[in-house]
């Protein structure tokens, strides 16, 4: 980023420069604002009173400030906590396994002395060109492997991706051969070379690819929709949990009303609807938005590297 | 190469032994890919079968081109293919233009904090799931509570029932597609702009070019290779609909299908809603073949344009 100012650093402020500055600041500011507004609207909706939303609709600022919707979500916190648990568990296990799998594969595919590397590279690459489509995959998971309603149905589909493999390959390729050769001369086997020489050198790659994998698990709702039935709803990951509750908000309200602490009989009718949707969305989205500033740079690296031929 | 290779089976096994560590390391990935990518490819035979639960993939009876016949004769094939292609063309054009504009203008912002801040915010939508984008769409376009109708009525207009107005959806989908991808996509162009030799700018400046000439005569031509490559790569995916987006924004709202149904959503409904495995497999195969051909063609074109950027 620092380099980009240098080539423009010395320009004198002619009319054209001022004009361009105005355009640049306004345009980028405007796009950024548009990107931010939907988040703010959900936040504002979640902090409004139900009556105000019914009367006026959603807006950019909280109307008739109220935390009623959040109170409702936390009336029965276990369902959210459980979905969080599922997603966190899947994300951790999937990321670690996926990284190990991808690193190991990429390492072999870039080793010059492995004569069959191009054959195997094509073996992996071909799967991005042609696929069996939805039905055969669906039948594989549900009938051949019988994974329906199990965590494996959520874990396995996202474990390995050729795109991540390509990113990993281009990182590992940048390691000088001499380092690997030196390890060999010292008597290291391939596994030890990978773990003790290569892995420490590709920490940025592990961070980048790891975050790509983690994001895929975190945002996955599709596999849950296909492979986890309602009877196993305790296994819903976070995004699909949100999807279900948003699309069946009355059901969610009943769930909360039934689960509410005995004694205080709550009727689901008295619970908020629209603001509840917004509050639940914030509860689900909040952590990723908060974690985002810390991980953004790794994604930027990954995108740039991914653009280079794998 | 041929000289080095030992002939025959013996030579092969010698190599297997020599590469045993490599092969062992490849094994998990290879097994995974065989099971989750190659084995399902054999399942495309279902496109030519009448699927029964008891028969499974292999035991169900053949029915020739019945599944395809139904898909094409019902008129759905034409509709979803048209929608998929038109949406993708619109997405590619709008996204490319906006992402380039953002990348160029971001580099013109000299206030570091302003630049970083706006770039970070633009990148944010990339991180959230389409489920959440679906909530945002509802938030804005819901007939009763939506922000859009609030604005429309505030300016004296009549509220629009967006979720029953198919014609509004191409615009809504284009908006959210751009919204989610603008920060992510502009990163590539930013990297390309960073790579431009600064001496070219200096030369342009000495020649008396103003900043706009500098952008149109230097920056844009210099990032053309990246632009064309990315463009051709996205052309390769022109028959692929973004299921995540269409399903979360439109869902099972049949009123909108004429304008919003894409190949992927139709294949999904045929499978999950109608349990018509054969037809869904036929739609899937139809799409896979189209995708395969377009990727090959796009790759060929990239190759003609610049050999370094071909994928294989």
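The values are calculated or read from the model by the stated rules, or taken from the named source; none is laboratory data. All values derive from a computational prediction rather than experimental measurement. Cβ: placed from backbone, ideal geometry, glycine included. Neighbour counts: every protein chain shown.
The figures follow:
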quantity: Leading residue by the ranking (nearest to residue A:143 (Cα to Cα)) among those in region A:215-225 that are crowded, with 21+ Cβ neighbours inside 10 Å and in contact (Cβ under 8 Å) with a residue 24 or more places away in the chain; calculated: A:224
quantity: Flag for residue B:288 being under 16 Å from the mean Cα position of the chain (by Cα), at pLDDT 90 or above and more than 22 Å from residue B:174 (Cα to Cα); calculated: yes
quantity: Pairs with Cβ under 6 Å, 6+ apart, first in region B:51-62 and modelled with pLDDT of 85 or more, second surrounded by fewer than 15 Cβ atoms within 10 Å (Cβ to Cβ); calculated: B:60/B:52
quantity: Sole exception among (1) within 24 Å of residue A:21 (Cβ to Cβ); (2) touching a helix residue (DSSP H, G or I) at 6+ places or on another chain (Cβ under 7 Å) for residue B:235, by number; calculated: (1)
quantity: Some residue of region B:268-276 being under 30 Å from residue B:226 (Cβ atoms), within 11 Å of another protein chain (Cβ to nearest Cβ) and either assigned to a helix (DSSP H, G or I) or modelled with pLDDT under 90 (or both); calculated: no
quantity: Residue A:147 more than 7 Å from chain B (Cβ to nearest Cβ) and either under 21 Å from residue A:214 (Cβ atoms) or out of contact with any helix residue (DSSP H, G or I) (no Cβ under 6 Å at 6 or more places or on another chain) (or both); calculated: no
quantity: Condition broken by residue B:223, with the remaining ones in (1) surrounded by fewer than 21 Cβ atoms within 10 Å (Cβ to Cβ); (2) at pLDDT 90 or above; (3) within 29 Å of residue B:195 (Cβ to Cβ) satisfied; calculated: (1)
quantity: Selected residue (criterion: farthest from residue A:109 (Cα to Cα)) from residues of region A:174-189 that are within 14 Å of chain B (Cβ to nearest Cβ) and in contact (Cβ under 8 Å) with a residue 12 or more places away in the chain; calculated: A:183
quantity: Selection within region B:191-226 - assigned to a loop (DSSP other than H, G, I, E, B), more than 20 Å from residue B:102 (Cβ to Cβ) and either in contact with a helix residue (DSSP H, G or I) (Cβ under 6 Å, 6 or more places away or on another chain) or not assigned by TED's automatic domain parsing to the domain that holds residue B:101 (or both); calculated: B:210
quantity: Helices (runs of 4 or more DSSP H) within region A:63-144 that include 1 or more residues buried (at least 21 other Cβ atoms within 10 Å of the Cβ), in contact with a strand residue (DSSP E or B) (Cβ under 8 Å, 6 or more places away or on another chain) and not assigned by TED's automatic domain parsing to the domain that holds residue A:212; calculated: none
quantity: Of the criteria (1) in a loop (DSSP other than H, G, I, E, B); (2) within 16 Å of the chain's Cα centre (by Cα), which one residue B:246 fails; calculated: (1)
quantity: Selection status of residue B:47, in contact (Cβ under 8 Å) with a residue 12 or more places away in the chain, in a helix (DSSP H, G or I) and within 11 Å of chain A (Cβ to nearest Cβ); calculated: yes
quantity: In region B:158-190, residue surrounded by the fewest Cβ atoms within 10 Å (Cβ to Cβ) [restricted to those that are more than 10 Å from chain A (Cβ to nearest Cβ), in a helix (DSSP H, G or I) and free of Cβ contacts under 8 Å to residues at least 40 places away in the same chain]; calculated: B:171
quantity: Any chance residue A:200 is in the same structural domain as residue A:156 (by TED's automatic domain parsing) and either at pLDDT 90 or above or under 28 Å from residue B:146 (Cβ atoms) (or both); calculated: yes
quantity: Breaking point among (1) modelled with pLDDT of 90 or more; (2) under 30 Å from residue A:278 (Cα atoms); (3) touching a helix residue (DSSP H, G or I) at 6+ places or on another chain (Cβ under 8 Å); (4) part of a helix (DSSP H, G or I), for residue A:231; calculated: (3)
quantity: Subset of region A:283-307 that is touching a residue at least 24 places away in the same chain (Cβ under 8 Å) and more than 10 Å from chain B (Cβ to nearest Cβ) - its residue that is surrounded by the fewest Cβ atoms within 10 Å (Cβ to Cβ); calculated: A:298
quantity: Some residue of region A:158-165 being buried (at least 21 other Cβ atoms within 10 Å of the Cβ), more than 9 Å from every other protein chain (Cβ to nearest Cβ), in contact with a helix residue (DSSP H, G or I) (Cβ under 9 Å, 6 or more places away or on another chain) and assigned to a helix (DSSP H, G or I); calculated: yes
